[in-house]
1. From Cα pairs below 8 angstrom and at least 6 apart in sequence, can you work out the relative contact order of region 376-441, rounded to a whole percent?
2. What order, most packed first, do the peptides 401-412, 122-133 have when packing is the mean number of other Cβ atoms within 10 Å of each residue?
3. Which of H250, H235 comes first, and how do the rest follow, when ranked by fewest Cβ neighbours within 10 Å?
4. I need the peptides 74-84, 157-167 ranked by packing, meaning the mean over residues of other C-beta atoms within 10 angstrom, with the highest value on top.
5. Mean 1/r over all different Cα pairs, inverted: what Kirkwood radius does the chain give, in Å?
6. If packing is taken as the mean number of other Cβ atoms within 10 Å per residue, what is the order of 270-276, 334-340, highest first?
7. Note down the relative contact order for the chain as a percent, whole number, built from C-alpha pairs under 8 angstrom at least six residues apart.
8. Sorted from fewest to most neighbouring beta carbons within 10 Å, what does the list S177, S350 look like?
Amino acid sequence: MLFSSIIEGGMSLSKLPEGWPGTEIIEGKTLTNVPIKPESQKGPAAREGSGFLNPAMAGSRTRSVLMLNDALENNWLVKPDAQIRIIDALAATSIRSRRWLNEIPQSLVDRLIIVSNDLDETAVSWARANQQENPTLGQLEIKQGDARISILESGWQWIDIDPFGSPVPFLDVAMQSCARTAVVDVCATDTAALTGSATSSGRRRYDAMAVVDDLRHDTAMRVLLGSIARCAARHDRVIEPLLVMFDDHHVRATVLVRRSKEEASVFQKSMGWRIHLPTPEELQISMDAGLHPIDEPFQPRLSCMLPFELPPALVEGRISGPLWIGAIGNEDIMSRLTVEKAEEVCASDSEQSKQHVARSVKGLAESASGVGCKIIIPVDQLPRLLDIPGPPSPSKLVELLTAAGHLAAPAVLQVPAIRTDAPWSVISEVCQEIFKNHPAS
């Protein structure tokens with residue numbers, strides 16, 4: 001197999017950028033050089049300067065490698081042996097593209113045709129220098145240009161959108177440029193808008209409101225999915241969430257996009273509203289719509305969902321939406337995102353590398369069975385609704401609900417939580433049992 005080509009006006013790069021080699025780091029199994037020290041570039045403010053690389057996003061990039069590897073191994077995106085055309089539209093120093101080519105097994109890399117694009121001249125020069133000095137295998141074109149123009153230049157089976165801030169300005173061109181079936185991988189760092197902390201920007205960018213409480217991270221993921229789904233429908237397409245994560249300072253949603261006018265015409269079936277501390281009347285509507293387990297509606301609940309066509313009174317501080325109310329991931333794919341798989345594909349021989357990649361998928365496989373559940377329970381909120389002395393162990397709660405014949409799984413969020421289809425009365429009984437038999441739980 002030949003080394004990747006580096007395109008620069010048809011010529012390979014020979015001159016290295018000013019400041020080379022900068023700081024040398026290894027992310028996953030991939031060596032890269034950046035012009036600044038990575039420890040100075042953490043968190044949501046890390047976009048300042050050219051050629052940046054934010055180490056806080058390393059876990060997100062690891063999951064991206066694993067998702068593309070899974071698509072190739074299990075052929076859920078294209079037919080066996082078919083090629084996948086990919087654009088890394090806002091690639092900065094192209095670390096994501098280079099990790100795809102360097103860490104996915106060589107037997108699969110031949111199927112990838114990758115364009116790595118960024119508008120910043122310095123970032124592109126460092127990307128090209130990295131590929132020249134630390135070449136990966138496979139087909140890689142590194143180019144400088146406006147992401148929206150570059151996306152529109154071709155049809156793609158995989159589009160990665162990783163901007164600084166909101167991805168909304170890039171969604172329409174992404175949907176226009178999708179192949180009949182494609183993956184669109186979207187990152188949003190404007191979490192204040194998605195969680196409800198920045199009300200005006202949330203309404204302006206996402207046309208949604210959100211309540212700031214212990215469900216805010218799940219709400220943020222659903223608001224982002226709802227925005228992607230609405231955009232897809234405008235272009236006669238529908239989405240299926242494959243993996244959605246709220247991670248530190250950003251939300252990343254990996255969705256499968258399919259062309260279907262018929263399904264796009266009724267996409268609102270997967271849209272709705274989240275009601276916080278719902279009234280009995282609202283709970284009854286949710287139960288009648290199949291969005292909440294049938295139970296006594298007069299017991300207090302943390303939240304419930306309402307269908308899109310039955311919007312509640314828009315009371316500030318109690319209503320989130322419109323947002324996605326369907327499954328928040330693909331159970332089969334997520335169940336394969338194990339620590340063992342992450343270490344096999346993405347980790348070097350060092351223990352530190354293994355720890356880093358293991359952390360990026362921690363709990364994902366275990367949470368897979370719950371991605372379709374409408375009920376999410378932050379366990380720290382249970383004592384104020386139930387007569388129990390403290391929050392129960394999430395793992396014990398999952399164990400007992402499962403033993404009672406219900407679906408339950410841990411939720412990968414910023415707070416301890418579970419997803420379940422169990423009625424509230426069963427949840428209450430199980431919590432009482434936990435503290436009766438295990439007072440210290």
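None of the figures in this text is laboratory data; all of them are computed from the coordinates on show. Model, not experiment: these values are computed from the prediction. In this analysis, Cβ positions are derived from the backbone assuming ideal geometry, glycine residues included, and neighbour counts consider all displayed protein chains.
1. With pairs under 8 Å counted, the relative contact order is 35 percent.
2. Descending mean neighbour count gives 122-133, 401-412.
3. The order, fewest Cβ neighbours first, is H235, H250.
4. The most tightly packed comes first, giving 157-167, 74-84.
5. This gives a value of 22.8 Å.
6. Packing proxy ranking, top to bottom: 270-276, 334-340.
7. 12
8. Listing S177, S350 from fewest to most nearby Cβ atoms yields S350, S177.
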